[in-house]
Every structure is written in C-alpha cells, then in structure tokens.
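The values are calculated or read from the model by the stated rules, or taken from the named source; none is laboratory data. Predicted model, so just to flag it, every value in this text is computed and none were measured. Every residue, glycine among them, receives a Cβ derived from its backbone with ideal geometry; neighbour counts consider all protein chains shown. We work out accessible area using only protein heavy atoms, side chains counted, and drop any ligands, DNA or RNA first. Shrake-Rupley method; radii C 1.70, N 1.55, O 1.52, S 1.80 Å.
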Amino acid sequence: MIYQTLAERIRTNKPVVLLTVISGPNIGATLLVSPKLGELEKLGTLGDAELDRVAMRDALGELEAGRTSVRNYGPTGQVTPEDLHDTPTVRVFIESFSPPPQMIIFGAVDFTAALAKVAKVLGYYVLVCDAREVFATKRRFPMADEVLVTWPTPVLTARGSDLGPRDAICILTHDPKFDVPAIQGALATNVGYIGVMGSRKTHAKRLERLTEVGVTATADLDRLMSPIGLDIGSRTPEETAISICAEIIGKRVGRAIPSLSQGSGPIHK
Amino acid sequence: MREILNDIDYWRSQNKRIAIARVVDIEGSGPRDPGAAMAVNQDGEVSGSVSGGCVEGAVVAEALEILRNNSPGQLVKFGYSDDEAFAVGLTCGGVVHLFIQPLEW
C-alpha cells in the first residue's frame with residue numbers, strides 16, 4: 001500500500017516524502033507522508049508514535065526544500081541522540097519527491113522543439129505557449145507536457161506564483177508584441193531563470209521597448225539572460241538547446257560560466 | 001525512483017520478490033546523489049542504477065542475499081578504501097552508502 005501510494009504520487013507529480021529506518025531499532029520500517037489540501041496523509045510507522053511525529057515534521061521541511069537527507073533520532077524521537085546513554089540511535093533516511101521543475105517556453109519556433117526535447121531529458125515539466133494556433137500544436141511539440149494557444153500575460157498571471165528558483169522561462173519569439181509582455185510577466189515571478197533569444201542587436205532594440213513600458217530597474221534587467229545560452233558556439237537548434245539548458249544548470253548552482261549575455265561581438269563567428 | 005516504477009509494477013504483477021537499493025549518502029565524489037535507486041528481482045533482473053556502473057554487480061549479489069535471508073534491510077558501503085568483503089569500489093574515489101531492503105511495503 002505504501003509503495004502503491006508512493007508510485008501514484010510520483011507519477012502524478014504530487015509532492016510526497018518517504019522515511020525509512022536505515023539503522024537502529026525497527027530497521028527497514030517505512031513511513032510515507034503526503035501533503036493533501038492542508039492535511040497530511042500518513043501511511044506506515046517508524047515504530048514509535050513520537051518518533052513518527054518528530055521525523056515527520058523534519059521530513060516536511062526537507063520536502064519543501066526539495067532535499068533528501070539522513071537524520072538521527074533517539075528511539076522515541078529525541079533529536080539529540082548523541083546525548084543519550086545506552087540508547088541506540090535511529091538513523092532515518094528522508095527521501096523527498098518534489099514535483100519536477102517547470103520550463104515555460106514562449107514561442108513555437110524550430111528552437112522550441114529542440115529545447116523542449118532537451119528539457120524533458122533533464123526532467124522538466126514543459127509548457128509551450130504561442131498565440132498563433134497554426135504553430136502551437138501538440139503535433140509539432142509531442143514531447144511537451146502542455147501546448148497552449150494564448151498570450152504570455154494570462155499564462156503568467158495564472159501560473160506565475162507557482163514558479164520558483166528551480167523553474168525556467170525561455171522566451172524564443174523575436175516578436176516584440178509577444179516578448180515584451182512575456183518579459184514583464186516573467187519579471188513579476190520568482191522564477192530562477194529568464195532567457196530571451198535574439199542577437200545583440202535584437203536585444204538592444206528590445207531594451208528600448210522595455211524602457212518604453214517602464215522596465216528599467218538594473219535588478220530586473222540583470223535577470224534577463226540575453227542573448228540566451230552559453231557561449232559554446234552552438235549553431236543548430238539542438239546545440240542551442242544544450243547551451244540554454246547548460247546555462248540554466250550553471251546559473252542554478254552559481255557557477256561562473258561564459259554566458260553569451262556577458263560577452264560582446266557576434267554570437268556566430 | 002521514477003524511472004524504475006514501471007519495472008517494479010511489472011515484477012509485482014508477476015509476484016516476483018523485489019529488493020530495492022537506494023543511495024542514502026555519499027562522501028567525496030560520487031556519480032549519483034542520494035535517492036538514486038535500483039531494483040533487483042528474485043531472478044537477478046535489474047532496473048535503474050546507483051553509480052556509474054562501478055558497484056551494480058556487487059549490489060545485485062547483496063540484494064539477492066537480503067531476499068534469501070529475509071533480512072529487513074541493511075546499510076552497505078562501497079568506496080575507494082573499502083576493506084570490507086567486496087572488492088569493488090568507485091573509480092572516482094568517493095564512498096557511497098546504500099540501504100538495501102526487500103520491497104515489502
């Protein structure tokens with residue numbers, strides 16, 4: 001029953017945390033905790049009600065942070081087992097299953113299919129959005145989890161509050177009608193990565209249009225990775241997709257990497 | 001875990017006994033993070049991985065042993081300076097701690 005619930009939660013992208021005693025009394029005991037509409041569904045036990053309560057509290061913190069770790073407790077949930085004499089330590093493996101990170105791609109262009117494909121390999125939930133219904137079709141983007149025919153503003157109004165540091169927004173349209181509202185909407189979220197495609201010339205023009213609509217704060221403009229991607233000399237859509245995803249990874253872990261947005265001169269030499 | 005669910009479901013539908021090995025901790029350099037999982041059924045069939053292929057063979061042997069002995073689960077360590085029974089280790093020099101248990105939950 002624990003396995004079935006775990007498998008069902010993982011497959012439907014719902015958060016769930018699995019606790020397992022990996023040494024000490026009741027080794028192998030498991031407890032599964034699923035947050036559901038403000039309530040907690042609990043299956044199994046680590047062998048003691050108080051231990052369950054304390055470990056569950058820690059587990060929910062780990063789940064929220066998307067972390068997996070090992071914690072030590074006393075047999076009845078004491079949090080400093082090293083202070084206890086003649087008492088075994090219970091080591092609990094806390095394994096978080098968070099929903100996958102999201103990537104929202106604005107613009108249904110050639111690069112979109114390649115980017116969606118690479119993002120799926122990396123485990124993203126991928127949403128493709130374009131206002132042109134002839135281009136934004138599931139047939140063109142079978143790898144995407146969702147394809148929406150609409151403008152950026154309604155999408156980001158509806159889903160922006162769900163976006164966090166692990167998520168990415170990639171704006172691949174070169175059309176100001178579309179990319180200006182997409183950038184404005186993206187900046188209003190806590191999304192960890194905002195990449196905008198286009199040459200340096202396109203980016204300069206785009207900055208002028210952003211100024212016209214009042215987007216001028218350095219803190220905002222610094223969030224825009226434009227031109228999008230790492231400077232690895234990509235040419236094809238697939239190579240470009242790799243350079244974008246590599247930039248997303250590097251930015252998330254805080255590495256200093258040669259992004260195109262920090263350089264100058266032509267992108268393609 | 002996600003990538004091994006289909007195989008586990010299939011094995012369960014055939015009433016196979018299954019052991020599951022999960023990376024719970026790594027010291028130093030390690031190819032897979034905590035949570036990486038591998039399942040082994042009673043016939044020695046494998047799904048998933050817990051390293052870059054360095055220790056999987058030894059994990060299968062250990063998992064089958066756990067199933068055979070009806071053990072509730074065991075912590076197993078593989079590493080560079082490992083002087084325990086298994087003469088396998090990670091070429092990257094790290095130490096990986098695995099918990100292997102029968103999937104009876």
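Working from label points 7 Å from Cα in the Cα-to-Cβ sense, the A:D110 to B:D33 distance is 3.4 nm. Extending 7 Å from the Cα toward the beta-carbon at both A:K120 and B:K77 defines two label points whose distance is 4.3 nm.
With the cut-off at 1.5 for a/c, could you classify the range A:102-262 from its C-alpha gyration tensor as rounded, prolate or oblate?
rounded
Partner shielding of A:82-93 amounts to 1, given as the average count of beta-carbon atoms from other chains within 10 Å of each residue beta-carbon.
Each Lys and Arg adds +1 at its Cβ and each Asp and Glu adds -1 at its Cβ; summed about the Cα centre, chain A shows a dipole of about 1000 debye. For a Förster distance of 25 Å, can you work out the FRET efficiency between the beta-carbons of A:V213 and A:V134, rounded to the nearest 0.05? Calculated transfer efficiency: 0.35. Using θ = phi - 60° in the Karplus curve 6.51 cos²θ - 1.76 cosθ + 1.60, the 3J(HN,Hα) couplings for the range A:156-168 round to 6, 5, 6, 10, x, 5, 7, 7, x, x, 7, 9, 9 Hz; x is entered for Gly and Pro. With both labels modelled 7 Å from their Cα along Cα-to-Cβ, the B:E3 to A:K36 distance reads 3.0 nm. Note that the range B:44-53 has calculated 3J(HN,Hα) couplings of x, 6, 10, 9, x, 7, 10, 8, x, x Hz, one per residue in order, obtained from phi through the Karplus relation 6.51 cos²θ - 1.76 cosθ + 1.60 (θ = phi - 60°); glycine and proline are x. Structural descriptor for the range A:139-212: relative contact order 33 percent, calculated from alpha carbon pairs under 8 angstrom and at least 6 residues apart. Rounded to the nearest Hz, the phi-derived 3J(HN,Hα) couplings of the range A:67-82 under the Karplus curve 6.51 cos²θ - 1.76 cosθ + 1.60 (θ = phi - 60°) are 9, 10, 7, 10, 10, 10, 9, x, x, 10, x, 4, 8, 10, x, 5, where x marks glycine and proline.
Take every pair of alpha-carbon atoms less than 8 Å apart whose residues are at least six positions apart; their mean separation over the length of chain B yields a relative contact order of 32 percent.
What accessible area per residue, rounded to a whole number of Å², is obtained for chain A using a probe radius of 1.4 Å? Intermediate results must be reported in sequence, preceding the final value.
Working: 12840 Å² over 269 residues.
Per-residue value: 48 Å².
Computing FRET efficiency as 1/(1 + (r/R0)^6) for A:N26 and A:I249, where r is the C-beta to C-beta distance and R0 is 51 Å, gives about 0.85. Against the criterion of solvent-accessible heavy-atom surface with a 1.4 angstrom probe, B:Y10, A:Y193 sort, most first, into B:Y10, A:Y193. Once the Cα atoms of helix A:49-65 and of chain A are each reduced to a long axis, what angle between those two axes, in degrees from 0 to 90 to the nearest 10, is obtained? The angle comes out at about 10 degrees. Computed over protein heavy atoms with a 1.4 angstrom probe, the accessible surface ordering of A:I242, B:I4, largest first, is A:I242, B:I4. Place a point 7 Å from the Cα of B:Q42 along the Cα-to-Cβ direction; which residues of the range B:1-33 have their backbone N under 19 Å from it? Under cut-off, by backbone N: B:7-21. About its Cα centre, the dipole of the range B:17-65 is roughly 120 debye, where the only charges are +1 on Lys and Arg Cβ and -1 on Asp and Glu Cβ.
Any idea how far the Cα center of the range A:171-222 sits from the one of the range A:19-50, in Å? One Cα centre to the other: 46 Å. Summed over both chains, the area buried between B and A is near 1800 Å², taken from the accessible surface of protein heavy atoms with a 1.4 Å probe. Between helix A:2-11 and chain A there is an angle of about 10 degrees, using the helix long axis and the longest principal axis of the Cα atoms. Could you tell me the distance between the Cα centroids of the range B:3-69 and the range A:132-153, to the nearest Å? That distance is 38 Å. Would the range B:2-102 count as rounded, prolate or oblate if I go by the C-alpha gyration tensor, calling it rounded below 1.5 in a/c and otherwise prolate when a/b exceeds b/c, oblate otherwise? It is prolate, given that a/c is not under 1.5 and a/b is the larger ratio.
If R0 is 51 Å, the Cβ-Cβ spacing of B:K16 and A:N190 corresponds to a FRET efficiency of close to 0.70.
Mean separation of Cα pairs under 8 Å and 6 or more residues apart, divided by the residue count, gives chain A a relative contact order of 13 percent. The slack between A:L221 and A:A204, meaning 0.36 nm per residue of separation minus the straight C-alpha distance, is 4.9 nm.
Just want the answer: with Cβ charges of +1 for Lys and Arg and -1 for Asp and Glu, which residue in A:A65, A:L84, A:A114 is farthest toward the dipole's positive end in the range A:47-135? Value computed over the given set: A:A114. Among B:V60, B:V24, B:V40, the largest mean-square fluctuation in a Gaussian network model of chain B, built with springs joining Cα atoms closer than 10 Å, belongs to B:V24. Magnitude of the charge dipole for the range A:172-269, about its Cα centre and with charges confined to Cβ atoms of Lys, Arg (+1) and Asp, Glu (-1), is about 140 debye. Principal-axis analysis of the Cα atoms of chain A puts helix A:110-121 at an angle of about 10° to the longest axis.
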